[in-house]
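Have a look at the structure below before the remarks.
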Amino acid sequence: MSYIEPAPIKDKENPLESMMQRFDKAVELLGISEEMYHILKVPRKQVIVGLPVTMDSGEIRTFEGYRVIHSTILGPSKGGIRFDPEVNLDEVRALAAWMTWKCAVVDIPYGGAKGGIACNPREMSAGEMERLMRAYTTSMLDVFGPDQDIPAPDMGTGPREMAWLMDEYSKAKGMTVPAVVTGKPLVLGGSLGRTEATGRGVMVSALAGMEKLRINPYRATAVVQGFGNVGSHAALLLRDRGVAIHAISDISGAYYNDKGIDIAAAVAYRDNNKGSLEGFTGAELISGDDLFTIPVDVLVPAAKEDVITRRNVESIQAKMIVEGANGPTSSKADDIINEKGIMVVPDILANAGGVTVSYFEWVQNRIGYKWTLERVNRRTDRIMKDSFDKVYETSVKYKVSLRIAAYIVAIDKVSSTYKYRGGF
Ligand SMILES: NC(=O)C1=CN([C@@H]2O[C@H](COP(=O)(O)OP(=O)(O)OC[C@H]3O[C@@H](n4cnc5c(N)ncnc54)[C@H](OP(=O)(O)O)[C@@H]3O)[C@@H](O)[C@H]2O)C=CC1
Ligand SMILES: O=C(O)CCC(=O)C(=O)O
């Protein structure tokens, strides 16, 4: 028997602190009361579970899993499940709060939650992953529910894991409950457009930002860190709008080509190479750190938190950062970015396309009807563009960055909803 220790919180800028610093700034500008501050700050529920799983070797390993419900003020809580060795409670708490603000920014009727399991999916077989996901679902039967808390994919998980979750939950309830989870395979009630939705939202946000900066997409260049669900779809869709992608990266390194990378070839290579870009020959191999220093119009961090910090922020030469990942920029880097005059389209706006189409999937499951891809994309684009415009106007009104403006929009929405519900 062995026990997988969750990774200790590293000596780096803690994502929860980064989230709270932005939250505090926005709260101060909005002038909300002390009572409301605590209502919005403290998560409603935090669940930690031990998950014993039989590995293929016959050994039983116990993993630690988390689900944090940050808020249910706007509706049932919503947020993905992350499988990653570095998952810890503080990270999940920050990610859950970001979900609350994200749903509020794009005005969809959900609160915020997030889940995670400290595990390494790269070292696990499909059978081990399945047993782990089913054990987690069983532990969360009282937490999850189509009107209660609705999970979805995040780093290290995708439609396959959501299918196992739906099946395990449905078996326990004695009926098929597709609306308990989103990001499912199409045959199980998944929505057309969900797989590429987050990347699509990144593309719409990037184009809206370029318009403000008067950058012509057909002459624009970009680099994308992370080539998973979000990064690869963002790269494909930006390329479709004329943007030349000069570098992409994953854990194996960054791949640079100043003539523009053939993104479709990179996707095909990754898909035939166990999900990795390692050995990709359509570009020069450079270090992951060097990707941030390339002079381009748009930098899209689409891997994980705290990749833009005080350590590397000075070397960034992009005109715009569009945050595909959650929390890629530490709060300490924000001030320097603002001084440098770089526009940042923040995570809680830029990557909200995923939860938007998750909401559409949930709506379709509840009405028992399937929308066309054209309808999903049209509605997603409109929500993303309207949300960008609202955040932009707020940034002008309060003379703040787009990030603080997005927090202002979100906190205002959640706090006024709380008052309408009569909780105050
Ligand atoms: N999936 C979704 O719908 C949404 C995701 N997000 C956020 O987007 C981010 C990415 O999620 P998603 O695309 O789903 O995750 P995936 O697991 O699909 O992809 C993550 C990618 O990041 C790469 N990566 C991890 N660490 C590094 C690193 N240190 N340097 C370079 N690349 C790295 C991975 O490489 P490798 O494969 O080699 O490990 C992989 O290419 C996360 O912050 C997530 O919370 C936000 C909104 C919705
Ligand atoms: O699709 C969803 O419901 C949530 C996706 C997610 O976890 C995120 O936006 O960070």
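The values are calculated or read from the model by the stated rules, or taken from the named source; none is laboratory data. In this text, all values refer to a predicted model and were calculated from it rather than measured experimentally. Note that we place each Cβ from the backbone using ideal geometry, even for glycine, and neighbour counts take in every protein chain shown. With ligands, DNA and RNA removed, areas are computed over all heavy atoms of the protein, side chains included. Shrake-Rupley method; radii C 1.70, N 1.55, O 1.52, S 1.80 Å.
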> Got a sec? What order do L192, L285 fall in by accessible area at 1.4 Å, biggest, i.e. largest, first?
Replying inline: L285, L192
> Which residues' amide hydrogens lie under 5 Å from the amide hydrogen of K78, considering only partners 5 or more residues apart or on another chain, with H built in the peptide plane?
Replying inline: G111, G112, A113, I150
>> For the chain, give me the percentage of DSSP beta bridges that are antiparallel, rounded to the nearest 5 percent.
In response: 45
> With each label point set 7 Å from Cα along the Cα-Cβ vector, what nm distance links A172 and R122?
Replying inline: 3.1
>> Looking at the chain as a GNM with Cα springs under 10 Å, which of V344, V204, V313 has the largest mean-square fluctuation?
In response: V313
> What list of ³J(HN,Hα) values in whole Hz, one per residue of the range 262-268 in order, does the Karplus curve 6.51 cos²θ - 1.76 cosθ + 1.60 (θ = phi - 60°) give from phi, with Gly and Pro shown as x?
Replying inline: 6, 5, 4, 5, 5, 5, 4
>> As an exercise, use a Förster radius of 35 Å and the Cβ-Cβ distance of S57 and S276 to find the FRET efficiency, rounded to the nearest 0.05.
In response: 0.90
> What nm distance separates the two modelled labels at L141 and Y37, each placed 7 Å from Cα along Cα→Cβ?
Replying inline: 4.3
> What per residue convex hull volume, in Å³, do the alpha-carbon atoms of the range 1-136 yield?
Replying inline: 118
>> If each residue of separation counts as 0.36 nm, what is the full-extension length gain between T293 and Y369 once their alpha-carbon separation is subtracted?
In response: 22.7 nm
> Which ³J(HN,Hα) values, rounded to whole Hz and listed in residue order, are derived for the range 85-102 from phi using the Karplus coefficients 6.51, -1.76 and 1.60 in 6.51 cos²θ - 1.76 cosθ + 1.60 with θ = phi - 60°, glycine and proline given as x?
Replying inline: x, 8, 4, 8, 4, 4, 4, 5, 5, 5, 5, 5, 5, 4, 5, 4, 5, 5
> P(r) of the range 195-341 in 5 Å steps, Cα pairs, percent per bin?
Replying inline: 2, 11, 21, 25, 21, 14, 5, 1, 0
>> List the residues, sorted by chain then number, that are 5 or more residues from V53 or on another chain and whose placed amide H is less than 5 Å from its amide H.
In response: R61, T62, F63
>> As a test question: what accessible area, to the nearest 10 Å², does Y255 have when a 1.4 Å probe is rolled over all protein chains in place?
In response: 10
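With a cut-off of 8 Å between alpha carbons and a minimum separation of six or more residues, what is the relative contact order of the chain in percent?
With pairs under 8 Å counted, the relative contact order is 16 percent.
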> What fraction, in whole percent, of alpha-carbon pairs in the chain exceed 33 Å separation?
Replying inline: 29
>> If you count only protein heavy atoms with a 1.4 Å probe, what accessible area per residue comes out for the chain, rounded to a whole Å²?
In response: 41
> Rounded to a whole number of µm²/s, how large is the Stokes-Einstein D of the range 147-253 at 37 °C and 0.692 mPa s, given Rh as the Kirkwood radius over C-alpha pairs?
Replying inline: 210
> From the phi of every residue in the range 112-126, what ³J(HN,Hα) in whole Hz does the Karplus formula 6.51 cos²θ - 1.76 cosθ + 1.60 yield, where θ is phi - 60° and glycine or proline is x?
Replying inline: x, 8, 7, x, x, 10, 6, 7, 10, x, 5, 9, 10, 7, 4
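At 222 nm, what value in deg cm²/dmol follows for the chain if DSSP H runs of at least 4 each add -39500 (n - 2.57) and the sum is divided by all its residues, to the nearest 500?
Values: 13 runs with 184 residues, N = 424.
Calculated from helices alone, the mean residue ellipticity at 222 nm is -14000 deg cm²/dmol.
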> Of the heavy-atom accessible surface of the range 195-341 (probe 1.4 angstrom), what whole percent is carbon and sulfur?
Replying inline: 47
> What figure in square angstrom, to the nearest 10, would you give for the accessible area of H38 with a 1.4 Å probe?
Replying inline: 80
